[in-house]
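Report on one structure; see the data block that follows.
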Amino acid sequence: MPALLEGRGIAVRFGGVAALKGVDLSVDPGEVLSVIGPNGAGKTTLFNVITGRVRPTQGSVLYRAQPIDKLAPFRIAQLGVVRTFQKTEVFGALPLVEGVAAGALARNDPDPAERAREALATVGLYGKAHLTAAQLSYGDQRLLEIAQALAADPKVLLLDEPASGMNHQESRRIVDLIVQLRARGLAVILVEHNMHVVMTISDRVIVINYGEKIADGKPDHVRNDARVIEAYLGAPQAAHAVAR
Amino acid sequence: MRGLPVAAALIVVALCAVPLVVHDEYFLHLFIVSGVFVIAVLGLDLIVGYVGQLSLAHAAFFAMGAYTSALLFVRLKWSMWAGLPAAALLVGLIALVLGSVILRTRGHRFIIITVVFAELMKLVATNWVDMTRGFMGLPGLAVPPLWIPGIGTIDITAKSHFYYVVLFAAIVAFLLCRALVRSSVGHKFVLVRENEPLAESLGISAFRYSMIAFVVGAALAAAAGSLYAHYVGFVSPDLFNFSYVTIMLIMVILGGKGTLVGPALGAVIFTFLPELLREASHWRMIVFATILIVATLFMPKGIIFPLITHLVPRNWRLRNARAA
Ligand SMILES: Nc1ncnc2c1ncn2[C@@H]1O[C@H](COP(=O)(O)OP(=O)(O)OP(=O)(O)O)[C@@H](O)[C@H]1O
Ligand SMILES: [Mg+2]
């Protein structure tokens, strides 16, 4: 059986910079795949390719065995491949329900407001539905982003550093939420620098370094991989975290 | 909340009473012209206020509607009743073609291309002499009689009669735009305006929804242009002058973009105000351009709509909160 989402030999060049050099990946329903690697490794670029914002120079992305790498971002989202952004993106001026309804409106759901409230309830923001996005704290805005994506009814959910800048308690909420989404059968692709989060919830981990995939496997396997430890040597804290 | 329909009904009644109270031809003329501008400016609010693209082609759509209707009248003897829908349709189609190219661009590029398009259309109107008579324009346009079933044929050439045609058209345009912005389509307009990359990432085509606003807006401008042409009885390339788009933007932006009501009020106020300040006609455009720049920089919500909402009781405001 083909994977739900599959990337084959994805390569991206920005002028002289090779941001990705032939990366393969695949993810199935009910699976959490983490993508880790040092700053500038190409993780966000990989998300941009999968969601249609950046065209790969080489390689392809298949969703349910169909190529999606030539489709516009909004089409890919409508198919069920939905992402959040590394830099917080919300509809700041709008009441939460109106912004979160976007994904439901986009697929012509008969009751977008209801879908929005469900998504807000899932991430625990139902009680703040009367506020505008701009009135939320940073941590709540990051949860709101996940609610926005959920209202689009994703089959594959790509989260770009959802726990960045969060305190321990807030990142626990993110972990619980991802576990809950996996139990619902979503395929989750996670980019995250917090190694504790990655090692706790990933079913599989791929490691990218300078645009190249250097490891792929179970968290335990990747943690002990010599190349991974070497890649993180430039960043002692991360190396420490990986080895831990 | 319940007061709102009553207030709306009172306003409509008051507007219907205008020709009964105002006998001065000049003031009636200003009411008719403001009605024409209301229609055009509602269309502009869709594109500038709701999807958030600054189009400077709007006055050109207005002028193209006027010319289409005028040419159909002069060359083919089509009355305004056929010319107006034809103008709206044709200009809507032209906007569709233009939009399919320029709505893929954003920001300053979009703005510049809309200016270039408007100038190009002016050149066509000026230089295609065989068709448009160039600078001489097309005179002799007439207002057709109106046939109402059960009542018969009415002559509407008098200002006090034509006023009702424009009032009716403006109300229809308002209700149409209001239905559009309150629908799921209008909700998507606002999402695109508020955060385009995010809306796209959630499955909304910014291109498609900008296009809907652009085309509907252009068709409304053309309908307004057709009414205007038959009312004044004459079209010339002056209709393409940049001052028209400036005044329309003043109406939308100072009125309160993205509210429909604000720009509609803006259309009335900024039709009357310049006329009342005639003495200073040389300074008019300079003063207005300055007001426009200052307002754009410091009053993003405009002046008129925020003012009204402050005067209106608090519980009425909520309904318009989403629109604002
Ligand atoms: N649009 C772009 N144009 C040019 N270069 C780009 C573009 N996007 C990314 N890059 C470059 O591609 C490389 C990979 O960037 P990317 O953002 O994918 O890294 P990342 O792994 O997400 O890093 P971080 O952990 O800091 O978020 C970097 O060298 C970056 O400067
Ligand atoms: Mg990144």
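The values are calculated or read from the model by the stated rules, or taken from the named source; none is laboratory data. Treat the numbers as computed from the prediction; the structure is a model and nothing was measured. Cβ atoms come from the backbone with ideal geometry, glycine included; neighbour counts cover every protein chain shown. Protein only, heavy atoms only, side chains kept; ligands, DNA and RNA dropped before computing areas. Shrake-Rupley method; radii C 1.70, N 1.55, O 1.52, S 1.80 Å.
Any idea of the accessible area per residue across the stretch A:56-181, 1.4 Å probe, to the nearest Å²? Mind dumping the intermediate values first?
Working: 5010 Å² over 126 residues.
Spelled out: the 1.4 Å probe surface of the stretch A:56-181, per residue, equals 40 Å².
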Can you list, largest first and rounded to whole Å, the semi-axes you get for the stretch B:24-69 by taking the square root of 5 times each eigenvalue of its Cα gyration tensor? 24, 14, 7
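Mean separation of Cα pairs under 8 Å and 6+ residues apart, divided by the residue count of the stretch B:6-323: what relative contact order is that in percent? Numbers along the way, then the final one.
Numbers: 468 pairs, mean separation 102.9, N = 318.
Dividing the mean separation by the residue count of the stretch B:6-323 yields 32 percent.
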Descending semi-axes in Å of chain A, equivalent ellipsoid built from Cα gyration tensor: 29, 21, 16
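Once you average over the residues of A:147-160, how many Cβ atoms of partner chains fall within 10 Å of each Cβ? Walk me through the numbers before you get to the answer.
Values: counts 0, 5, 2, 0, 2, 4, 1, 2, 0, 0, 0, 1, 0, 0.
The mean count of partner-chain Cβ atoms within 10 Å per residue comes to 1.
Can you give the percent of C-alpha pairs in the stretch A:136-204 whose distance is more than 19 Å?
Numbers: 576 of 2346 pairs.
Summing the P(r) tail past 19 Å for the stretch A:136-204 gives 25 percent.
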From the Cα centre of the stretch B:81-139 to that of the stretch B:27-45, the distance in Å is 20 Å
Please work out, to two decimal places, the log10 of the ratio I(q)/I(0) at q = 0.21 Å⁻¹ from a Debye calculation in which every Cα of the stretch A:167-218 carries one identical scatterer. -0.82
Take the solvent-accessible surface of the protein heavy atoms, probe 1.4 Å, and return the percent of it on the stretch B:6-323 that carbon and sulfur atoms account for. 73 percent
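Per residue, how much accessible area does chain B show when a 1.4 Å probe rolls over the protein heavy atoms, in square angstrom? Kindly include the intermediate steps, with their values, before the conclusion.
Working: 15010 Å² over 324 residues.
Dividing the accessible area of chain B by its residue count gives 46 Å².
With viscosity set to 1.567 mPa s and temperature to 4 °C, compute the Stokes-Einstein D of the stretch B:41-103, Rh being the Kirkwood radius across alpha carbon pairs; µm²/s, no decimals. All intermediate terms of the calculation are to be shown ahead of the outcome.
Numbers: Rh = 12.5 Å.
Translational diffusion coefficient: 104 µm²/s.
Contact order normalised by length for chain A, with contacts defined as Cα pairs under 8 Å and 6 or more residues apart; what percent is it? Walk me through the intermediate numbers first.
Numbers: 498 pairs, mean separation 60.9, N = 244.
Relative contact order of chain A: 25 percent.
At a 1.4 Å probe radius, carbon and sulfur cover how many percent of the accessible area of chain A?
On the way: 5320 of 10300 Å².
That share works out to 52 percent.
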Out of B:ILE113, B:PHE62, B:TYR164 - ranked by how far each Cα lies towards the positive end of the dipole of chain B, with unit charges on the beta-carbon of charged residues - the top one is B:ILE113
How big, in percent, is the set of alpha carbon pairs in the stretch B:1-151 lying more than 18 Å apart? 70 percent
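If you take the beta carbon distance between B:ARG133 and B:LEU4 as r and set R0 to 41 Å, what does 1/(1 + (r/R0)^6) give as a FRET efficiency, to the nearest 0.05? Can you show the working numbers first?
On the way: r = 49 Å, r/R0 = 1.19.
FRET efficiency, B:ARG133 to B:LEU4: 0.25.
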Quick one: dipole size for the stretch A:11-150, taken about the Cα centre, charges +1 on Lys/Arg Cβ and -1 on Asp/Glu Cβ, in debye to the nearest 20. 560 debye
Mean-square fluctuation check for chain B, GNM, Cα pairs under 10 Å: which of B:ALA267, B:ALA87, B:ALA199 is largest? B:ALA199
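Take the residue pairs A:LYS128/B:LYS188; B:LYS77/B:LYS159; A:LYS155/A:LYS218; A:LYS70/B:LYS301; A:LYS128/A:LYS213 and return only those whose Cα atoms are more than 32 Å apart. Walk me through the numbers before you get to the answer.
Values: A:LYS128/B:LYS188 22 Å; B:LYS77/B:LYS159 23 Å; A:LYS155/A:LYS218 22 Å; A:LYS70/B:LYS301 39 Å; A:LYS128/A:LYS213 41 Å.
From the list (A:LYS128/B:LYS188; B:LYS77/B:LYS159; A:LYS155/A:LYS218; A:LYS70/B:LYS301; A:LYS128/A:LYS213), the Cα-Cα distance tops 32 Å for A:LYS70/B:LYS301; A:LYS128/A:LYS213.
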Value of [θ]222 nm, deg cm²/dmol, for the protein assembly as shown, DSSP H segments ≥ 4, -39500 (n - 2.57) each, nearest 500: -18500 deg cm²/dmol
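The stretch B:6-323: percent of C-alpha pairs farther apart than 33 Å? Present the calculation step by step, with values, prior to reporting the outcome.
Details: 11585 of 50403 pairs.
Result for the distance tail: 23 percent.
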Accessible area drop of at least 30 Å² (1.4 Å probe, protein heavy atoms): which residues of the stretch B:175-203 qualify, relative to the chain alone? B:HIS187, B:LYS188, B:LEU191, B:GLU194, B:ASN195, B:PRO197, B:LEU198, B:GLU200, B:SER201, B:LEU202, B:GLY203
Could you size up the charge dipole of the protein assembly as shown around its Cα centre, putting +1 on the beta carbon of Lys and Arg and -1 on that of Asp and Glu, and report it in debye to the nearest 20? 140 debye
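Once you have the alpha carbon radius of gyration of the protein assembly as shown, what is it after dividing by 2.2 N^0.38 Å, with N set to its residue count?
Values: Rg = 28.7 Å, N = 568, 2.2 N^0.38 = 24.5 Å.
Taking the Cα Rg and dividing by 2.2 N^0.38 Å, one obtains 1.17.
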Chains B and A: buried accessible surface, both sides, probe 1.4 Å, rounded to 100 Å²? 1800 Å²
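Once Rh for the stretch B:172-295 is found with the Kirkwood sum over Cα pairs, what is the Stokes-Einstein diffusion coefficient at 10 °C and 1.306 mPa s, in µm²/s?
Numbers: Rh = 16.5 Å.
After rounding, the answer is 96 µm²/s.
For the stretch A:59-190, divide the Cα radius of gyration by the Kirkwood radius and give the resulting Rg/Rh value with two decimals.
Numbers: Rg = 14.4 Å, Rh = 15.0 Å.
The Rg/Rh ratio comes out at 0.96.
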